Amino acid sequence: MEHEQTSPEQRKEGESAPESTTSSTSDISATPAARRRRVRRTTLLIAGAAVLGALAGTATGYAVQYHREPTPLPPLAQQKMDGPKPAAMNDATSHRSINAHRWHKADEDLAKKLLEVPGGAQDSFSGPVSTDTFSADYFLEPSQAVGSLIRQGKRLATARWAENDRNFVEVNLLQFRDRAGADDFYTDIVQYMPEKDHAGNTGKDLPGAPSDFGHMWIDSKAHQEPGYHPIRQSRAVVRRGDIVMSVKYTNNRGEIDEKALVELAKRQMERL
């Protein structure tokens, strides 16, 4: 009987219930965390399988499409464009005829306003010119100017001839889409002509033209290189409406007849 009886002190020392309770609570709290890890792992596996399935489906689709015959495109609305047929060159062939697709009938209207080339003139040309051709002959850096001229320009026409082996004339008419484009072009010329690489002076008003719409320059000095004649240029520029007129008079002996330049400019202004 004494063996079966236990004192309160012994009972307290021998109690293991608190330890058992703590251990049981720890096991229970660990179970949801383990479950959450398993849930996340399952979700990742499902997502990975979905991605692999999509990639496999795309690859299969490309493989099937690759082995199919290409679908023909619908025919164009205009399979043939009207235009002049190529012809062999002959005595009647001109710069305009071999570039027929680059011109418009209205271009002739501006070309008709050009000064007439004197009879017997050498190396003569008169007629419409394309934007790229004009830019290559006119600008020091054509690539930087041709874009602006295409956007603002409308028509171009040129006449040039040699009076003899000393004097050379070039007349350019530039018609713009509006007066603002013509005014910008004229203003640019007035601004850069006084520079050393051009006339080298401010020039003067052109007789017969308003001071704000006409000006002329004669190079301050001739340009000369060893083995070549001295070249001096003169230039008259006038803006009238949406057209800018440029007359360039060049002498390869270093002498410029100012009266000849003024006369050419006056005659061209009358035709405008």
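The values are calculated or read from the model by the stated rules, or taken from the named source; none is laboratory data. Since the model is a prediction, treat every value here as computed from it, not as a measurement. So basically every Cβ, Gly included, is an ideal-geometry build from the backbone, and we count neighbours across all protein chains shown. SASA here: full protein model, heavy atoms, side chains in, ligands and nucleic acids out. Shrake-Rupley method; radii C 1.70, N 1.55, O 1.52, S 1.80 Å.
Tabulated data
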quantity	calculated
Some residue of region 209-220 being of a type outside the set (A, V, I, L, M, F, W, C), at positive phi and in contact (Cβ under 8 Å) with a residue 12 or more places away in the chain	no
Test: L156 is closer than 18 Å to V238 by Cβ, within 24 Å of the chain's Cα centre (by Cα) and either of a type in the set (K, R) or not in a loop (DSSP other than H, G, I, E, B) (or both)	yes
Among residues of region 115-139, those that are among the aliphatic types (A, V, I, L, M) and without any contact (Cβ under 8 Å) to a residue 24 or more places away in the chain, counted	1
Subset of region 189-241 (residues that are open to solvent by less than 50 Å² (accessible area, probe 1.4 Å) and more than 15 Å from L261 (Cβ to Cβ))	I189, P194, G200, A222, P230, R239, G241
Residue ID - nearest to K204 (Cα to Cα), chosen from residues in region 225-246 that are hydroxyl-bearing (S, T, Y) and touching a Leu at 6+ places or on another chain (Cβ under 9 Å)	S234
Residue match in region 82-98 (condition: outside any loop (DSSP other than H, G, I, E, B), modelled with pLDDT under 75, surrounded by 10 or more Cβ atoms within 10 Å (Cβ to Cβ) and not aliphatic (A, V, I, L, M))	yes
Whichever residue in region 99-131 is in a helix (DSSP H, G or I) and modelled with pLDDT of 85 or more and, among such residues, is nearest to G153 (Cα to Cα)	T131
Scope region 164-188; condition hydrophobic (A, V, I, L, M, F, W, C), buried (at least 17 other Cβ atoms within 10 Å of the Cβ) and under 23 Å from the mean Cα position of the chain (by Cα); matching residues	L174, F176, A182, F185
Cβ-Cβ under 7 Å pairs, at least 6 apart or on other chains, region 187-201 side of a type in the set (F, W, Y), far side open to solvent by less than 80 Å² (accessible area, probe 1.4 Å)	Y192/H198
Of the criteria (1) part of a helix (DSSP H, G or I); (2) open to solvent by 40 Å² or more (accessible area, probe 1.4 Å); (3) modelled with pLDDT of 85 or more, which one F134 fails	(2)
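This table checks each residue for (1) within 35 Å of the chain's Cα centre (by Cα); (2) of a type in the set (F, W, Y); (3) in a loop (DSSP other than H, G, I, E, B).
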residue: G208; (1), (2), (3): no, no, yes
residue: S234; (1), (2), (3): yes, no, no
residue: V238; (1), (2), (3): yes, no, no
residue: S246; (1), (2), (3): yes, no, no
residue: E270; (1), (2), (3): no, no, no
